[in-house]
Structures are given as structure tokens and as C-alpha cells.
Number of protein chains: 2
Amino acid sequence: MTVARPDEVRRFNRSSLLRLLHTGGPATRAALATALGLNRSTIKMLVDGLTEDGVVEEKVPRMARGAGRPSLLVLPQPQAAVVLAVDVQVEHAGIALVGFGGQILGRNSWNLRGRQREPDEVITHVAESAAMLAQDLGLRPVAAGVCVPGVVRRADGLVHTAANLCWGEVALGQRLRTVLDLPVVVGNDAEFGALAEHVRGAGRGAADAVFVSADVGVGGGLIAQGALLRGSAGYLGEIGHMTVRPGGRICHCGNEGCWETEVGEAALCRALGMPEHGPRGAIVAELLELHGDWETHLREYLDWLTLGLVNVVNILGPELVVLGDLFTALPDGAVARVGEQVRRRSMVSRALGGVRIEKSRLGADLKLLGAAEAAFEGVLAML
Amino acid sequence: MTVARPDEVRRFNRSSLLRLLHTGGPATRAALATALGLNRSTIKMLVDGLTEDGVVEEKVPRMARGAGRPSLLVLPQPQAAVVLAVDVQVEHAGIALVGFGGQILGRNSWNLRGRQREPDEVITHVAESAAMLAQDLGLRPVAAGVCVPGVVRRADGLVHTAANLCWGEVALGQRLRTVLDLPVVVGNDAEFGALAEHVRGAGRGAADAVFVSADVGVGGGLIAQGALLRGSAGYLGEIGHMTVRPGGRICHCGNEGCWETEVGEAALCRALGMPEHGPRGAIVAELLELHGDWETHLREYLDWLTLGLVNVVNILGPELVVLGDLFTALPDGAVARVGEQVRRRSMVSRALGGVRIEKSRLGADLKLLGAAEAAFEGVLAML
């Protein structure tokens, strides 16, 4: 414990300002001063420093109202800090370069089938694709965030298991650090989805929120008191492997009746009378064609979705649950019905005056954006 | 944001030292200096200040080893700060005065039957009993911590519902603040149990732990990254109302097949072939008499216990689960068997290399100690 020196105070203020611009986007000096509780001369000094370093640009706002000199608009410069975001899914992988402020500056994606899904192939392809993208755009990332649908140790990025990719004990963090020559943070995909919702999506301003997503598997990420929860050693949120149906189908995790086996992609296909491993587009198209018929086809599926959400809300007491991925293709009426039932059946929701249950609106980029945010966590403090 | 001034640094160091003495007990000046990363002259100054204020006493340790002057032993003085702890259970209520360092200085308890269980009666009895205890001991509490088996809003201590007490919307915090004329913090009993385990029990040193307890109902408290989790508005941890058996018994919460209905007191009585609302002592005696027969009688009961624990571990990824209350009366062999099965069936436990599942060893005082710790949170900083 030492006394905070003036340069430490300045660094703290600069870093708060950077975070605000990164998550909130362009703002006037006056708005920044209010948001940070700093006086205008301190803001001026900080912004001048950032302008000199090329991190922000200042402009006179186009629609200056009233008399007097308008407050200058401070714009984050995306190229001031660029990170590599990598989203490894079961059927495909995607990468993007994301700039300061959260804008995707360029991207690439490819399918994963057969041998392409093996760790060696994925790592090589990520490295090559990232190098090409960086060259094309003339940008150099300073860190990388990577998400996979698996059980990940946050400390070093070891993928303990990613069953739907058939991966076990892959030192993904360490290997990518070597080939990319960058700091790399690896996380579970639902966890990073939760981070994206918290920073840029439906979860902004919600201190306690749960993000639940269905892809091939079902996963979750938890925001508690404004921060992403991490279990012991960073293992957390295998919400999809909560037992909801004792004596039910055997799950790949070795247990039976997991929530994932009742509300994951395969379960949705069964509810729709489709083959279990059809392409994602066909499932979404089938859901769109249900129109008013969803009540007949999805009744049992929605009952299991409701049951799991009642549990999640009772255990974690969030004010908001965001449904991602395949869940976003469910009819709005179906999601509204699930919400009503969860609010009625969960005693914690009743105490809270009603938990909100919403679909993610960040679209297919959700996990890329989350991976980028995980990478930015270490970057903004250094900028 | 201002620069930390020397007196702020001193206050911060003093408060860290107080917390260390409160949770760790007597220690030499040398050990305190090491634990806090402070030099010996700073420790001397701080301890001298605390001695002057009567918060600690210094003694020459009885077994001073080696040559040279022995490091003085610093002893927390219990009467330097006393809090009132209140534990309202379904069948009885208890109060205690707890001193700085966590020692119970005196206590009182009474049964709750019929009208005695009504909020008015409980509040009056707590106030009278606390006044008598304080007078007998010649002590004056400076804050109170109160736990109830219910859904509690932490911000103001509103008990939204405590079904097993038949309470609904009781402004317990506000009413006790008025009659006791003290700052009062109210929480769920399992939540405060978790706090006690974290500060003084099996959870010491475990950054991520879950505490699950069975009384009439089943509840849980969650420690994540070293702190007690609170859901939105402080509603959290209704782990007992996770559905484990769809289509199962109707629970008082309005849902069906809750974990509480399968592993709570009534379920244990059914498993033992006893009437459902017998006295606690009879249940414990019956469990003790099982000896090797527990496998036959408790098989199904333990299966439900295992199933719920697999879920808790998969969702929250703790390194440790502490079983409290009625669970502590289960045969050691039964708990060991449950632990083995949870470690085998939970994928997160496998990733972690095996979650530990242990009985609480804090005994019947667990929740009183937790309520005291909740009260001390606001007190230590002011001492």
C-alpha cells in the first residue's frame, strides 16, 4: 500500500476515459466530464493527450445547438488498438479484426468438417487467416480473444474438453500464443457471448444477468454485480449439463437427461420433425414457416426450455436472461410465453417483480464481439 | 478521483489489520507485518494506536523461541466491538452477542410454535431478549445481523416470503432497526451460512464455494472469487427450488419436483419411515442408528442429493461444496459416496480434477456466526 501519485491518478482517469469511449462510442467533452465526474480542464488535458497519441480525434459536432462554443465531439480511432477475435464453432470458424470502439474492421470465416475440425488444422488455419487479414487491412493486432464451445481453463486457455468438436486436453491458449506471437485469452463461447451482451447488447446496465445460448450444445454465461463470473480455475457455466429429466436420454457428458439433450439443436430438430444434424439454415427456415402452429409443434420443447430457465432464475436471481444463438430463431410468441411461465413459476422472479427474458439482438457476431472484448480487457489499460 | 492522503492510507491499513485479527485471531506483530506486506515500524504504529483505543492487547508470547526479543502477540479484545446476531429458524429462534474476533459472548434461544412464529411476536421477543442479554453481560451491540429461511431483499431487509414460517412481505429490516435502534442487515439463512463457512469454516481459502443446507427447506449460498454473491436486489440462491423431478410432488413455491421436496427434512423422514414433522432430534437419532444400513434406506434420497449437487457443480464450478444443517447428520459413508458420484458425473468436476464435498463443522452456531459476520462487515471499517 503506497500513496497514489499524481501520474497514477492520471493513468487511472485516462483508462476510465478509454473504457467509456470504447463501450459508449463518440461523445462530447462535456458528456465525458459528467460521466466521469471530472472537471472540464482535466478532461481537456486527457483528451489532448489521447489526440496527440492518435487514439481519438476531435470534431465540431454537426448539429451544435444554442449559443456559445459547442462542446467538441471526441471520436475513438479504431486503428489505435486492434485485436484479433476468433470464434470456433462446431460447423464453422470465424475471425475478425476489431478496433478500439468495438467496430469490426474485417473478417473471414470457413467451414469445419471432418479433419478441418482437428486442433492442429484449426490452429494453423486461424494463424494463416489472421496473417492474411492483417496484411490486407494493413493492421497489426495487439492481442487475441478466442472462444470455443467447451470447458476452458481461463488461466492458461487449456480446453479440457469440447465434446461437440471431439477435443480433449488441447493447450489452445499456449499454442495460439506461440503461432500468433500475441497475448491470447481463451474462453467458453457462451461466457464470451455473455460478455458481449453485457458490454454492447441487451445486458448493458443490468448488473445481474444470465446469457443462455443453444447451438449444437447449450451453454451459459453469468454476469454478477456487473462482472463476468468465473468458477474455480475459470471453469463455469455448464448450464446445459444441468439434469432436467432424470432417466432421460444419455448425454455425451456421461450423465442423462441434461438440459442440452432437451433444448439443444438436436432436440429442436426432433420437435420440428427434421433429421437431427441438418444445416442450421434449414432449422431456421422451418421455424419461420411455423407461423401460428408453434404451439402444437414446440409445446414439449418449450416446456423443457421453461423448466431450465426457472432453475437458472431461482439459483442465480438475475434481473435479465438473454437467449442467444438458435434460441433467437424461436417465434416471438413462443419466447413471450416462456417468459410468462418462468415469471409465474419462479419464486425468485416473483420476488424480483418479474425477470425479463429477451432474445439477443447482437446477431451472428455476438461471440466474435465477446472474444474481442475479452482481448480488449488487457489492452485498454495499456493504451 | 483524488489522491490518497497519508491519513487515508493509515485508515486503510488499520482496517486491513482489524479484519486480519478478526478472522485470523491472535498473531505476533511479525506475522501481521508479513501477512499485510507492511514494515515493522508501520505495524508498531498501528498496533500502538489500537492498544490505546482498547481494541487489542499485547502480550509476550508464552513460548518464545530462540534468542533475541520475542515478537509481541497481538490479541483482539472481544468487547471492543460487539454485534447482535439473530437466527430465526422454523422451529426456534436464537440470538447471540458476538465480539470482535468472532467469539460468542452470550446467547439465548426459544422455541417458535403457533402464534410465536408470527412476525410481531418474533420481533418483540428478539428485542426483549437482546436487551436482557446485553444488560446481563454489560455489553452494548453496535450493529445487528439477522437471518431467516426466506427470500430476502438485502438492500432493506424486506422478507418477500418465508414460506416455512408462513411470512409474506415482512419489513423485518426496517422494523428491527426501529426497535433495536441499531443498523440491521437481514439475509437468507443459507447465504449467511455460506458467509460463516467462508470466514471461519471449511470454506476458508476457497475462492469459489457453494454452501447447501437442509432444514425444513433447502437453501444455498454462493461464494465466487472470494465474495458472497448477491443476485439482483439481493435475491439469490434459491437452490432448493431447482426442479429435479418434473411431474414430482407439488412444492409450497407453486412449482413441482423441487430439490427441496426430494432432499429436505420431510423427504429424509419419508426415507427413514418416520412421520414427516417429527422433532429434529428424533431424525438425527434415527440416522445414527442406521449404521451400515444406510445404503438400503437412503439409496433414493442420496440419488436426489447427488443429482442436485451435480447440477450445482456444473452450473457454478466451485472447488468446494459444504453441506450444512440436517445434511451434517448423514452417515460419513453416505456423504463420501455422494461425493464420488458427483465427481464422476459432473463434467465440470472432472475438469477441475475433482470438487471437494464436505460436511460443515461449524455446528449449530453456523448461522449465528454468519449473521454476526454480516453485521461486522459495516463495523470493522469504523473501529
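Worth pointing out:
- B:Val146 being within 14 Å of chain A (Cβ to nearest Cβ) and within 19 Å of B:Gly217 (Cα to Cα): no
- Qualifying residue in region A:201-210 (condition: hydrophobic (A, V, I, L, M, F, W, C), in contact (Cβ under 8 Å) with a residue 12 or more places away in the chain and away from every other protein chain (no Cβ under 13 Å)): yes
- Annotation: A:Ala372 fulfils all but one of (1) open to solvent by 20 Å² or more (accessible area, probe 1.4 Å); (2) small (Gly, Ala, Ser); (3) under 27 Å from A:Gln225 (Cβ atoms); the unmet one is (1).
- Within region A:165-179, considering residues that are touching a helix residue (DSSP H, G or I) at 6+ places or on another chain (Cβ under 8 Å) and open to solvent by less than 30 Å² (accessible area, probe 1.4 Å), the one farthest from B:Leu352 (Cα to Cα): A:Leu176
- Residues that are in contact with a Cys (Cβ under 6 Å, 6 or more places away or on another chain), assigned to a helix (DSSP H, G or I) and more than 14 Å from chain B (Cβ to nearest Cβ) are absent from region A:156-174.
- Residues (of a type outside the set (A, V, I, L, M, F, W, C) and under 17 Å from B:Leu383 (Cα atoms)) located in region B:34-50: B:Asp48, B:Gly49
Each row is one residue, and each column tells you yes or no for (1) part of a loop (DSSP other than H, G, I, E, B); (2) touching a Gly at 6+ places or on another chain (Cβ under 6 Å); (3) without any contact (Cβ under 8 Å) to a residue 12 or more places away in the chain.
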position	(1), (2), (3)
A:Thr178	no, no, yes
A:Gly193	no, yes, no
A:His198	no, no, no
A:Ser213	no, yes, no
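- The residue list A:Gly247, A:Gly187, A:Gly201, A:Gly217 contains one member that is open to solvent by 10 Å² or more (accessible area, probe 1.4 Å) and closer than 23 Å to A:Gly101 by Cβ, which is A:Gly201.
- Residues that are in a strand (DSSP E or B) and open to solvent by 10 Å² or more (accessible area, probe 1.4 Å) were ranked within region A:313-362; the one that is nearest to the other protein chains (Cβ to nearest Cβ) is A:Arg356.
- In region A:1-19, the residues that are modelled with pLDDT under 65 and open to solvent by 50 Å² or more (accessible area, probe 1.4 Å) reach residues that are outside any helix (DSSP H, G or I) and of a type outside the set (A, V, I, L, M) with C-beta atoms within less than 9 angstrom, at least six apart or across chains, in these pairs: A:Met1/B:Gly37; A:Val3/B:Arg5.
- Spans of helices (runs of 4 or more DSSP H) in region A:258-312 with at least 2 residues open to solvent by 10 Å² or more (accessible area, probe 1.4 Å), more than 14 Å from every other protein chain (Cβ to nearest Cβ) and not β-branched (Val, Ile, Thr): A:265-271, A:280-289
- Taken over region B:134-164, the criterion of being closer than 12 Å to B:Leu180 by Cβ, surrounded by fewer than 23 Cβ atoms within 10 Å (Cβ to Cβ) and hydrophobic (A, V, I, L, M, F, W, C) is satisfied by B:Ala134, B:Val142, B:Ala143.
- Matching residues in region B:215-233 - criterion: being more than 8 Å from every other protein chain (Cβ to nearest Cβ), of a type in the set (Gly, Ala, Ser) and outside any loop (DSSP other than H, G, I, E, B): B:Gly219, B:Gly221, B:Ala227
- Residue pairs whose Cβ atoms lie under 7 Å apart, sitting 6 or more positions apart in sequence or on different chains, and linking a residue in region A:64-76 that is at pLDDT below 70 to a partner that is open to solvent by less than 60 Å² (accessible area, probe 1.4 Å), are A:Ala64/A:Pro70.
The values are calculated or read from the model by the stated rules, or taken from the named source; none is laboratory data. Please read all numbers here as calculations on a predicted model, not as lab measurements. Counting neighbours? That spans all protein chains shown, and the Cβs are built from the backbone with ideal geometry, glycine included. Just the protein is used for accessible areas: all its heavy atoms, side chains included, with ligands, DNA and RNA removed. Shrake-Rupley method; radii C 1.70, N 1.55, O 1.52, S 1.80 Å.
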